Amino acid sequence: MAGKKLSKAHVYLFSDMLMVAKQREKGGYKFHSMMTLDNAYVQAIASETPSFRMVKQTADKGPQEMTVVCTNVEVMKKWVKQIKNMIIEVNLSSRGLRQSSEANNTLVAV
């Protein structure tokens, strides 16, 4: 996804992917890009701008990256936390496991 830069976009987190869309001037949205959450990770970027980077490891294309700039640090922290949780769920689900809702975060086979 290198080279595709948007000045302002909407980012949507689904149960298995992150999708980016740009709002059209005449209304509605136009799809820009997406990244599935399997074999992916997210990291906060230490800079003056509150942002995070998504990286997906692929065997055929190499790593794909997406950087998202947030409005403030709190928003960025919430996004990173939620994406990490979704990545865990996706990867556990693909292995026939699920994360317990108990406080000890034990894994349960399904």
Q. From the set of residues in the range 31-57 that are among the β-branched types (Val, Ile, Thr) and surrounded by 12 or more Cβ atoms within 10 Å (Cβ to Cβ), which is farthest from residue 21 (Cα to Cα)?
A. 45
Q: Identify the residue in the range 5-22 that is surrounded by 10 or more Cβ atoms within 10 Å (Cβ to Cβ) and modelled with pLDDT under 90 and, among all such residues, is nearest to the chain's Cα centre (by Cα).
A: 9
Q: Among what's in the range 33-92 and is in contact (Cβ under 8 Å) with a residue 12 or more places away in the chain, in a helix (DSSP H, G or I) and of a type in the set (S, T, N, Q), pick the residue that is farthest from residue 11 (Cα to Cα).
A: 91
(Q) When you check residue 20 against the structure, is it in a strand (DSSP E or B), more than 15 Å from residue 81 (Cα to Cα) and either touching a Ser or Thr at 6+ places or on another chain (Cβ under 6 Å) or not basic (Lys, Arg) (or both), yes or no? (A) yes
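The values are calculated or read from the model by the stated rules, or taken from the named source; none is laboratory data. Computed from a predicted model, the values in this text were never measured in an experiment. Ideal geometry is used to build each Cβ from the backbone, glycine not excepted, and the neighbour counts take in all protein chains shown.
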